1. Could you tell me which residue of the range 6-25 is farthest from residue 68 (Cα to Cα), considering only residues that are part of a strand (DSSP E or B) and touching a Phe, Trp or Tyr at 6+ places or on another chain (Cβ under 9 Å)?
2. Please enumerate the residues belonging to the range 24-53 that are surrounded by fewer than 12 Cβ atoms within 10 Å (Cβ to Cβ) and aliphatic (A, V, I, L, M).
3. Can we say residue 68 is in contact with a helix residue (DSSP H, G or I) (Cβ under 6 Å, 6 or more places away or on another chain), without any contact (Cβ under 8 Å) to a residue 60 or more places away in the chain and surrounded by 10 or more Cβ atoms within 10 Å (Cβ to Cβ)?
4. Are any residues in the range 12-32 more than 14 Å from residue 54 (Cβ to Cβ), basic (Lys, Arg) and at pLDDT 95 or above, and if so, which ones?
Amino acid sequence: MQVETTFPLQLDSLHDFRLTLGDRSVVVKGRIAHSRISDVDQDIITYRTGIEFIEPSERVAAAIQVFVDELARNKQKTEK
C-alpha cells in the first residue's frame, strides 16, 4: 500500500491500519518499507510512504483482493 502524509513515518516501524474497502472495513498490520518527500509547498512537506502488509489473515487478504479487483474492473470500464 502507498500513502501520502504530512509527517514522516519511521522506516521498519509497525502500525495497525484500518482500511475501508467499499462497504467493508479491515485492520491490517503494516511495516514501513520506504518513505520519501514527494512534495514541498511553502511550509507543507508531503511524504509518500510504502507499506508492506505483515501476515494478513486469509479473510483480510481476500477482502483486499476483492476490492483491488473491483477497482481494476471499474477502471477498465471508464477507459472504454
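1. Top of the filtered list is 17.
2. Hits for the range 24-53 are 27, 37, 40, 44.
3. Criteria not met by residue 68.
4. Of everything in the range 12-32, just one residue is more than 14 Å from residue 54 (Cβ to Cβ), basic (Lys, Arg) and at pLDDT 95 or above, namely 18.
Residue by residue, here is whether (1) farther than 30 Å from residue 7 by Cβ; (2) among the polar types (S, T, N, Q) holds:
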{"position": "43", "(1), (2)": "no, no"}
{"position": "47", "(1), (2)": "no, no"}
{"position": "53", "(1), (2)": "no, no"}
{"position": "59", "(1), (2)": "yes, no"}
{"position": "63", "(1), (2)": "no, no"}
{"position": "66", "(1), (2)": "yes, no"}
{"position": "71", "(1), (2)": "no, no"}
{"position": "76", "(1), (2)": "yes, yes"}
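The values are calculated or read from the model by the stated rules, or taken from the named source; none is laboratory data. Here the structure is a predicted model, which means the values were calculated and not measured. Using ideal geometry, Cβ is built from the backbone for each residue, glycine included, and neighbour counts are taken over all protein chains shown.
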